[in-house]
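Report on the structure given below.
The values are calculated or read from the model by the stated rules, or taken from the named source; none is laboratory data. This structure is a prediction, so every number in the text was calculated from the model and none was measured. Here Cβ is always computed from backbone atoms with ideal geometry, including for glycine, and neighbour counts include all displayed protein chains.
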Amino acid sequence: MSIVYFTRDISAKGLIKIYQKVNQDIQGKVAIKLHTGEPHGPNILPREMVKEFYETVPNATIVETNVYYDSPRQTTEGHREVLKTNGWTFCPVDIMDEEGTVMLPIKGGKHFKEMSMGSHILNYDSMIVLTHFKGHTMGGFGGSIKNIAIGCADGKIGKKMIHTYPGQDQWSVSKGPFMEHMVESAKATVDHFAPHITFINVLRRMSVDCDCAGISAAEPTARDIGILASTDILAVDQASIDMVYQLPPEELHDLKERIESREGLHQLEYGAEIGIGSREYQLVDLDS
């Protein structure tokens, strides 16, 4: 059974404390995979919190890839301008597909045998998946699986593979099949780094919309919950969903509708099916 750690302390101190429980295999050059957001996005992780955390991780770089949808972040040049706008200026940010792509194998996938990633992913020995957990327009919810599934796939080839059936329009894949595409893409990154990869979900400002929605994201109706961390990607996303689903009905309603209308929970079912991790976990409360 996987261990998932939990703290209610959504601050740099809480983030650093929980990371120290799951960092045993982080070594060498470290990629911190973060969703840096659209311009002025109100829900992205606080820069100061991430900066303080980053300063405690030796040899680390924040990593991103260009996006598939219409945005200044479709190009590396535009992406770098948005990084400045959003305050990600305290450290290097590596746009991993700036210099091309690489195919990583997917073990046990039924849709893909490999996934196209930003080529710079090969420059790192370890990865910290630092995720703002929230709803997602297509995925239902965006946890650690979504963060690396979409976020490590390059902006032109990999993201198109995830969102599109061959020969069909730009957004032809949805619901169950889309969840499976995401899980398989995430598995490519997990298998590439394992065991040198760890996962942190910050359950804060959980809009029904992803940080890719920018200033148009819906205002959250759920309270902030805390930070969860594990060396098991499936366990940390399952624990996050379990905590969200314990919210009072009036706070849960919008997120639950978004998650279930998109069949988002299928991420967890399919993740277990192809062995990306375990849905069974033991929760360790660091505050008690």
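With ILE200, ILE276 as the choices, which residue is under 15 Å from ALA149 (Cβ atoms), touching a helix residue (DSSP H, G or I) at 6+ places or on another chain (Cβ under 8 Å), modelled with pLDDT of 95 or more and not in a helix (DSSP H, G or I)?
None of the other options fit; the residue is ILE276.
Consider LYS175 carefully, then state whether it is surrounded by fewer than 19 Cβ atoms within 10 Å (Cβ to Cβ), out of contact with any helix residue (DSSP H, G or I) (no Cβ under 7 Å at 6 or more places or on another chain), of a type in the set (Lys, Arg) and within 24 Å of GLY37 (Cβ to Cβ).
No; evaluated as a whole, the condition is false for this residue.
Every residue, every condition in (1) β-branched (Val, Ile, Thr); (2) closer than 14 Å to LEU130 by Cβ, yes or no:
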position: SER2; (1), (2): no, no
position: ALA12; (1), (2): no, yes
position: TYR19; (1), (2): no, yes
position: GLY28; (1), (2): no, no
position: VAL63; (1), (2): yes, yes
position: TYR68; (1), (2): no, no
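Among the residues of the range 82-127, write down those that are under 23 Å from GLU55 (Cα atoms), in a loop (DSSP other than H, G, I, E, B) and not acidic (Asp, Glu).
ASN86, GLY87, TRP88, THR89, PHE90, CYS91, PRO92, MET96, TYR124
Spot the failing condition for MET1; the list is (1) over 21 Å from SER126 (Cα atoms); (2) of a type outside the set (Lys, Arg); (3) modelled with pLDDT of 95 or more; (4) touching a strand residue (DSSP E or B) at 6+ places or on another chain (Cβ under 8 Å), and only one is missed.
Against the list (1) over 21 Å from SER126 (Cα atoms); (2) of a type outside the set (Lys, Arg); (3) modelled with pLDDT of 95 or more; (4) touching a strand residue (DSSP E or B) at 6+ places or on another chain (Cβ under 8 Å), MET1 comes up short only on (3).
Scan the range 240-250 and give yes if some residue there is of a type in the set (Asp, Glu) and modelled with pLDDT of 95 or more, otherwise no. Lay out the reasoning, then the answer.
Applying the first criterion (of a type in the set (Asp, Glu)) to the range 240-250 yields 242, 250.
Still in the running and modelled with pLDDT of 95 or more: 242, 250.
Yes, the range 240-250 contains at least one residue that is of a type in the set (Asp, Glu) and modelled with pLDDT of 95 or more.
Quickly run through the range 43-81 and pick out the residues that are in a helix (DSSP H, G or I), over 19 Å from the mean Cα position of the chain (by Cα) and in contact (Cβ under 8 Å) with a residue 40 or more places away in the chain.
Answer for the range 43-81, where residues must be in a helix (DSSP H, G or I), over 19 Å from the mean Cα position of the chain (by Cα) and in contact (Cβ under 8 Å) with a residue 40 or more places away in the chain: just GLU52.
With the structure loaded, tell me whether ASP154 is touching a helix residue (DSSP H, G or I) at 6+ places or on another chain (Cβ under 9 Å), among the charged types (D, E, K, R), over 21 Å from ILE233 (Cβ atoms) and touching a residue at least 12 places away in the same chain (Cβ under 8 Å) or whether it fails that test.
no
Does any residue in the range 1-27 that is farther than 19 Å from ILE225 by Cα and touching a residue at least 24 places away in the same chain (Cβ under 8 Å) come within less than 8 Å, Cβ to Cβ, of a residue that is in a loop (DSSP other than H, G, I, E, B) and of a type in the set (D, E, K, R) six or more places away or on a different chain, and which pairs are these?
Partner pairs satisfying both residue conditions: MET1/GLU280; SER2/ASP232; SER2/GLU280; GLN27/ASP125.
Given the criterion surrounded by fewer than 18 Cβ atoms within 10 Å (Cβ to Cβ), under 30 Å from ILE157 (Cβ atoms) and not basic (Lys, Arg), identify the matching residue among THR56, THR75.
Only one candidate passes the filter, namely THR75.
Show the residue pairs meeting these rules: Cβ distance below 6 Å; 6+ apart or different chains; first residue within the range 270-288 and farther than 18 Å from GLY108 by Cα and free of Cβ contacts under 8 Å to residues at least 12 places away in the same chain; second residue among the aliphatic types (A, V, I, L, M) and crowded, with 18+ Cβ neighbours inside 10 Å.
Short answer, once both residue conditions are applied: none.
Exactly one of these conditions fails for VAL4: (1) over 25 Å from SER240 (Cα atoms); (2) outside any loop (DSSP other than H, G, I, E, B); (3) touching a helix residue (DSSP H, G or I) at 6+ places or on another chain (Cβ under 6 Å). Give me its number.
Only one criterion is unmet by VAL4, namely (1).
Would you pick out the residues in the range 34-74 that are farther than 15 Å from CYS212 by Cα and either acidic (Asp, Glu) or at pLDDT below 95 (or both)?
Within the range 34-74, GLU48, GLU52, GLU55 meet the criteria.
Of the residues that sit in the range 19-53 and are among the small types (Gly, Ala, Ser) and out of contact with any His (no Cβ under 8 Å at 6 or more places or on another chain), which one is surrounded by the fewest Cβ atoms within 10 Å (Cβ to Cβ)?
GLY41
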